[in-house]
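The values are calculated or read from the model by the stated rules, or taken from the named source; none is laboratory data. The shown structure was predicted, so the numbers you read here are calculated from the model rather than taken from an experiment. When we count neighbours, we look across all protein chains shown, and the Cβ atoms used for this are built from the backbone with ideal geometry, even at glycine. The accessibility values were calculated without ligands, DNA or RNA, using every heavy atom of the protein model including side chains. Shrake-Rupley method; radii C 1.70, N 1.55, O 1.52, S 1.80 Å.
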Amino acid sequence: MAGMVAAAAPPASLCRPIAVPRAPMRRRRLTPRVKTTPSLRCEDSPKIAQLQVQAMRSSEESSSDEDDEILSELKEKWDAIENKSSVLYYGGGAIIAVWLSSIVVKAVDSVPVLPNILELVGLGYSGWFVYRYLLFKENREELANGFDALKKRITGNEE
């Protein structure tokens with residue numbers, strides 16, 4: 001029977017007390033609390049509240065008039081289009097092209113040295129453009145004439 005009692009006793013490692021680490025104590029504030037007097041906020045001032053209301057009213061009126069004009073112009077242009085399916089195809093193609101180009105740019109950007117080289121190319125081209133078109137008066141006039149011609153070709157106004 002003594003053998004059974006010895007077998008049923010728990011091992012010595014379980015009988016030792018276990019030290020549990022204490023949780024860190026919060027530090028108390030050492031500065032005394034100061035009572036503050038109520039101050040005048042911007043919302044309490046009647047002049048500021050009037051200015052805010054007036055600004056919101058004028059911006060709402062002008063934006064709603066502009067929105068109505070823009071929507072009516074877009075509706076007229078959409079009604080004037082005969083082949084609406086081609087416009088939707090071109091719009092979808094443009095969205096897909098932008099998506100694909102963003103993928104290509106991300107892939108090029110992941111190459112370690114290539115973005116720095118492309119930055120240098122862009123800087124060089126910008127310098128050339130400034131020298132060629134913006135530095136002298138004759139060249140600026142040439143650039144302005146080129147823009148006007150391009151606008152006429154795009155809009156179809158050959159005035």
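List of remarks:
- Measuring against 25 Å, Cα to Cα, the residue pairs 77/151; 75/151; 106/151 contain 106/151 as the ones spanning a longer distance.
- With every protein chain in place, the stretch 82-153: carbon and sulfur % of accessible area (1.4 Å): 69 percent
- Here the stretch 82-153 is assigned +1 on the Cβ of each Lys and Arg and -1 on the Cβ of each Asp and Glu. Its dipole about the Cα centre then comes out at about 180 debye.
- P(r) tail fraction, the stretch 82-153 - alpha-carbon pairs more than 20 Å apart, %: 64 percent
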